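The values are calculated or read from the model by the stated rules, or taken from the named source; none is laboratory data. Being a predicted model, the structure only gives us computed values, none of them experimental. Reconstructed Cβ throughout: ideal geometry from the backbone, glycine too, with neighbour counts over all protein chains shown. Keep in mind that these areas ignore ligands, DNA and RNA; they rest on the heavy atoms of the full protein, side chains included. Shrake-Rupley method; radii C 1.70, N 1.55, O 1.52, S 1.80 Å.
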Amino acid sequence: MAPVRDHLLARGALAQRANDFLGKAWQRGWLPPPDLDPEALWTLAAKSHGTQAEAAEHGGRSAEDVADFRDRLARMVAAVEAEADLNPLGRAMAWGQLSRVVKNRLAFGALWLQRPELLGTVLAPPIIVIGHMRSGTTRIHKLLAADPAHSHTRYCDAYHPVPGRFGMNRVVSALELAMLGALNPWMQSIHPMAPGEVEEELAWISAALHHSIYESQWHIPTYSAWSEGRDPAPIYREMARILRTDAATRAVADRPRVMKVPAFSEDLTTLLGLFPDARLVIAHRDHDAVLRSAVSLAANQMAMQSDTCDIAAIEARWRHKIALREARMAEALAEWKGPVAQLHFDELGTDWQGAIRRCYADLGLTLTPQAMAAMRKLMAAGENGQHRAHSDQLARFAEAG
């Protein structure tokens, strides 16, 4: 059982011990501190590709997309170094994430050079869940993904997306989640995850250095502001390449993919330009409730990686995100002519079956008995799920003022 999370910036005991050990190890020269320099990250990732590293960087991508990633990496590292004030554990985690991003970037490029047909995979029209973080998008996503007529992304595909042999991505994911759970004992209550379970595509846009996953962990306002104002098309083209690769290698391209990332609302115009045949499900929730839950999630992630987190700054960031995403979502939807369903957080709690029936009708989909049975099984399994502990945490924080 996880210890009581008694305040927003609580840190797990193992995370504190790991942080203390790394700081001492670097100071005394037992271990070299991780090098976040972009060229060092590239050099490390390029070793396994030898003389083909440059070709792998360009494989399947336009010159614009290649340049965009290089620019993003340099700016990301600069913001982390200047603004994030990472502690030793945070720096190690930042190095781990960014080095994996560059490694996967080259691995995908090499794969697409060898198998260019993957990029031509024809996809069934996707079902895209749009809404703020903590607005019920995860519940909607999992309900729709339970329908056997649909496909979805699994955690192991999201965070270890380069196709591997013998299901090793699931093994690696299981080990990774066990380690993260030990460092952060409240992680599963905030966002339950398992290697083969339904997962959003956040890691796929993060693979092209979209700001969303990083700004929820690190204080990087300069990078966030720059990225918010930049054309996100190169990011979503990379995501689409990964999606086609995943659909082809898992043989699920003929089934509509149920997709969800809160940041989609921020870039909805670009996303719909790539998927003009999509069906949309819009999730709604009271903005104050969204804000409280989003601040709790971000504080949980940031407290582990920095000793100088500021709750006021975190709240200001997420107030900004909610307003920005509302405005951009409204702008995109004003021009959208495709199918749309609207669902509210509260009705998913009081009458989820009625909400799902209306959703299918609005989208022009057939809700089969098999789909409804799978959804009922999902909801029954979640009755006592770990995610309910996050509601208890929020209530306790509210009482404490």
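Couple of notes before you dig in:
- Rounded to the nearest 500, the helix-only mean residue ellipticity at 222 nm of the chain stands at -18500 deg cm²/dmol, with each DSSP H run of n ≥ 4 adding -39,500 (n - 2.57).
- Reachable aspartates and glutamates, given that their alpha-carbon falls under 16 Å from the alpha-carbon of residue 321 and they are not under 8 places away in the same chain: 215, 228, 266, 267, 286, 288, 331
- Across all C-alpha atoms in the stretch 4-128, the radius of gyration and Dmax reach 18.8, 56 Å.
- Percent accessible area from carbon and sulfur atoms, the stretch 1-122, protein chains only, probe 1.4 Å: 57 percent
- Of the residues 27, 190, 211, the one whose Cα sits farthest towards the positive end of the charge dipole of the chain is 190 (charges of +1 on Lys and Arg Cβ, -1 on Asp and Glu Cβ, taken about the Cα centre).
- Computed about its Cα centre, the charge dipole of the chain is approximately 980 debye, with only Lys, Arg, Asp and Glu carrying charge at their Cβ.
- Net lengthening on full extension, residue 180/residue 333 (0.36 nm per residue, minus Cα-Cα): 51.4 nm
- Cβ crowding within 10 Å averaged over residues, with 62-69, 141-148, 15-22 ranked highest first: 141-148, 15-22, 62-69
- Karplus-derived 3J(HN,Hα), 6.51/-1.76/1.60, for each residue of the stretch 163-171, Hz, glycine and proline x: x, x, 9, 6, x, 5, 5, 6, 5
- Loop-located trypsin sites (Lys or Arg not before Pro) in the stretch 283-370 whose Cβ has at most 12 other Cβ within 10 Å (DSSP): 337
- Most mobile of 186, 352, 204 in a GNM of the chain (Cα contacts under 10 Å): 352
- Heavy-atom surface of the stretch 166-312, accessible at 1.4 Å and reported per residue (Å²): 33 Å²
- Sequence-distant lysines (8 or more away, or on other chains) whose Cα lies within less than 18 Å of residue 377: 142
- Among (i) 20.8; (ii) 26.7; (iii) 19.5, the entry derived from the coordinates for mean projected area of the Cα convex hull in nm²: (iii)
- Label-point gap, in nm, between residue 376 and residue 17 - each point 7 angstrom along Cα→Cβ: 4.7 nm
- Working from Cα pairs under 8 Å separated by at least six residues, relative contact order for the chain is 25 percent.
- Qualifying GluC sites (Glu not before Pro) in the stretch 300-340, where qualification requires a DSSP coil assignment and no more than 11 other C-beta atoms within 10 Å, comprise 335.
- When each of the peptides 232-240, 306-314 is scored by the mean number of other C-beta atoms lying within 10 Å of its residues, the order from highest to lowest reads 232-240, 306-314.
- Inter-label distance for residue 350 and residue 311, nm, one decimal - labels placed 7 Å from Cα along Cα-to-Cβ: 3.1 nm
- Accessible carbon and sulfur surface of the stretch 187-235 relative to its total accessible area, %, 1.4 Å: 59 percent
- Length added when fully stretched, residue 35-residue 358, from 0.36 nm per residue minus Cα-Cα: 111.1 nm
- Straight-line cross-link reach from residue 47 at under 18 Å between alpha-carbon atoms covers these aspartates and glutamates, not counting any fewer than eight positions away in the same chain: 35, 37, 39, 57.
- Approximate spin-label separation residue 119-residue 197, in nm, with each point projected 7 Å along Cα-to-Cβ: 3.6 nm
- About its Cα centre, the stretch 54-167 has a charge dipole of approximately 440 debye under the convention of +1 per Lys or Arg Cβ and -1 per Asp or Glu Cβ, with nothing else charged.
- Anisotropy class of the stretch 18-86 from Cα gyration tensor, a/c 1.5 cut: oblate
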